[in-house]
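Reading through the structure tokens given below for one structure.
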Amino acid sequence: MKQLLKNKNSRTNMITYLVVIVAYLIMQTLNSMDMLGSSVRGYLVPLCVYISLAVSLNLLVGICGELSLGHAGFMGIGAFSGIVIASLLKGTVQSDTLRLIAAMIAGGAMAGVMGFLIGIPVLRLRGDYLAIVTLAFGEIMKNIVGNTYVGVDDTGFHFAISPTKMRLGEGGKYFINGPLGATGVEKLANFTMGFLLVMVTLFVVLNLINSKEGRAIRAVRDNRIAAESVGINVTAFRMKAFVVSAFLAGMAGALFGLNYSAITATKFNFNTSINILVFVVLGGMGNILGSVISATVLYILPEAMRGLEDFRMILYAVVLILVMLFTWSPKFKEATAVFTGKIKGIFRPGKEAGNNE
Amino acid sequence: MQVLQYLINGISIGAVYAIIALGYTMVYGIAKMLNFAHGDVIMVGAYISFCVTNYLGLPAIVSVIAAMGVCTILGIIIEKLAYKPLRGTSSLAVLITAIGVSYFLQNAAQLIWSSSPKNFTSIVTMDPIALFDGRLIITGEVLVTVLISALVMVGLTLFTGKTKTGKAMRAVSEDRDAAQLMGINVNQTISTTFAIGSALAAIAGVLLCSTVPTLMPTTGSMPGIRAFTAAVLGGIGSIPGAMLGGILLGIIETLSKAYLSTQFSDAIVFSVLIIILLVKPAGLLGKQVQEKV
């Protein structure tokens, strides 16, 4: 243990796990003492989902250095596959928790397979072109999921992508009804599962980052040509990161889908992808704990400002712009450096501000 | 005949995409940033035009000029306040700021004009032309849209090719540092680019809402994404590429809606983009940059 704590990486990882566990315990205690309002309780599961999404996207954007604008597409694939699996297993598997886990794994697997298929063409591109293609794939996935019909009747399982081809017999039940989405979904998700999802996501991502693969992936990000020249298979490692990220997003999506009684594909649009990207960038690219914190703060911020009604989103936009300017602008950075230097100078007289060398 | 009708409609919507795509492509070429707020400038332009004609009762042409004026100023202000301080930092940071600006514009529009859709009256008062005994109908909107976009295209080509400012813009997009050494005021050139792009967005907004007459705070976002796709399709940074990409995208969209599937038109349009990018990774008319080791 001591050895573990000496290593800076494992120390930060431990802190990350600890923060999440402590936050979970606090919320759970408050919940059991009935101190949370019903609205706050409603935010807990989506919050866990968004944290997982932010962490998994950070693997792609921060660690791998690929700008992806279609993360919500994987989330959508996961959500709808999860709903179908959970509904199919209803008769056979009694335990709700087991069904939820099966649905999440199925959602993740489906999204992972999609990630692999998409990755083959996408990873041939770079930079802004990669971004636009992931955007395009996100829209395609949303479009296809939004026009899929899945149902079951006495004769068995039915699947179609057009309403005319979908003929359910007497007493048949739709799981996904095209643009109307999934309705009458059982609410299987709960906060503990959400917490476990965050922990699994963190475990996978943090271990991947600090493994041999993770170092290779970061080498590819920092200098692709140099990485290639020392024998790193660039495409294979980018693909690995892409598929893992898609898998985790699919799992989160399944949990998200099973948290609402009705959900449509329009939820998983470009705006959702962008929101997740905002969490990642504001939290700091490559900083996993940063993603967790910024997803939490940015998810709660608009909800907490609900009292302001129409002004809420405009304030959110202003806060977003200002935070970006303050954290990234070179001029502002200089100003803060001078400022902190002056403060330090007060405590250490004799040394001029910003002149510590 | 039916095909021709669809083709004409496709060119008309494609011409609107093309004008929007010009704004994206010019800003990308010069500032190397994806300006996701561009789609919302379109919406603002349409609202200004709507207000001038409906509340002030002024003629359509005045409303278009007013919209262009307001959008130009808006574009310059956005650039000065939100993008300029971040110049030279990570392009992702600027991208997120642009998204913040986009949220801001959408929600400000919602505050000012409410989220209920407004019924935009077309600025074109021309009667539709019926050809071949009414089997082929060309509406005034189609004619005006195609005409204006052709004019914009020619004007812009002349501007970037002949004028001093235009040449400065090309120089900055080619190599910013070298342009600065040649005595070009880079900041001013970037401001000018934003001004022109935003003025074009205003025109596009009015034309878009003349064709599809519902005006909402989110009106600009989907055409914005489409036009961005068009810009990439044609090769981002290239002005003729944006025109070509826009018109191609419009035609593909209309034809696939008519003959293949209405529900899957989005999927088809974006699939075409992906296929083209796989064959030509820098778009149709984009320059392939060689990697130096």
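Computed from the coordinates by the stated procedures, all read-outs in this text should not be read as laboratory data. As the structure is a computational prediction, the values presented were derived from the model and not from experiment. Methodologically, a virtual Cβ is constructed for each residue, glycine included, from the backbone with ideal geometry; neighbour enumeration extends over all protein chains shown.
Things worth noting here:
- Rounded to the nearest 20 debye, dipole of chain A from Cβ charges on Lys, Arg, Asp, Glu: 1080
- Counting Cβ atoms of other protein chains within 10 Å of each residue's Cβ and taking the mean over peptide A:272-279 gives 2.
- All other residues whose Cβ lies under 14 angstrom from that of B:L249 are scored, Lys and Arg at +1 and Asp and Glu at -1, for a net of -1.
- With a 10 Å cut-off around each Cβ of B:232-240, the average count of Cβ atoms from other chains is 1.
- Every pair of different Cα atoms in chain A enters the Kirkwood calculation, which places the hydrodynamic radius at 22.1 Å.
- Whichever lysines have a C-alpha closer than 19 Å to that of A:K240, once near sequence neighbours (fewer than 8 apart) are set aside: A:K212
- Cut-off of 10 Å, at most 13 other beta carbons, DSSP loop: longest stretch of chain B lacking such trypsin sites (Lys or Arg not before Pro): B:136-286
- Across the stretch A:310-326, computed HN-Hα scalar couplings (Karplus, 6.51 cos²θ - 1.76 cosθ + 1.60, θ = phi - 60°) run 5, 7, 4, 6, 5, 5, 4, 4, 5, 4, 4, 5, 5, 4, 4, 5, 5 Hz from first to last residue, x flagging Gly and Pro.
- Note on B:99-111: average number of Cβ atoms from other chains within 10 Å of each residue's Cβ is 5.
- Bins of 5 Å from zero: percent of alpha-carbon pairs in the stretch A:235-299: 4, 15, 16, 26, 22, 11, 4, 1, 0
- Ranking A:C64, A:I225, A:L277 by how far each Cα lies toward the positive end of the dipole of chain A (charges on Cβ) leaves A:I225 at the top.
- Pairs of Cα atoms farther than 19 Å apart, the stretch A:55-173, %: 56
- For the protein assembly as shown, the dipole from Cβ point charges (+1 on Lys and Arg, -1 on Asp and Glu) about the Cα centre works out to 1800 debye, to the nearest 20.
- Over the stretch B:88-133: Kirkwood hydrodynamic radius from C-alpha pairwise inverse distances, Å: 14.8
- Estimated from helical segments only, the mean residue ellipticity of the protein assembly as shown at 222 nm is -23000 deg cm²/dmol, where each DSSP H run of four or more residues counts as -39500 (n - 2.57).
- The stretch B:125-130 - phi-based ³J(HN,Hα) in whole Hz, Karplus 6.51/-1.76/1.60, Gly and Pro as x: 10, 6, 6, x, 9, 9
- Counting only alpha carbon atoms, the long axis of helix B:186-211 and the longest principal axis of chain B meet at about 10°.
- Residue by residue, the stretch A:49-65 carries 3J(HN,Hα) couplings of 4, 5, 4, 4, 4, 5, 5, 5, 6, 4, 4, 7, 7, x, 7, 8, x Hz when phi is fed to the Karplus relation 6.51 cos²θ - 1.76 cosθ + 1.60 (θ = phi - 60°); x denotes Gly or Pro.
- Set against the 2.2 N^0.38 Å expectation for a compact globular protein, chain B has a Cα radius of gyration ratio of 1.00.
- Rh by Kirkwood over Cα pairs, then Stokes-Einstein D for the protein assembly as shown at 0.890 mPa s and 25 °C, µm²/s: 92
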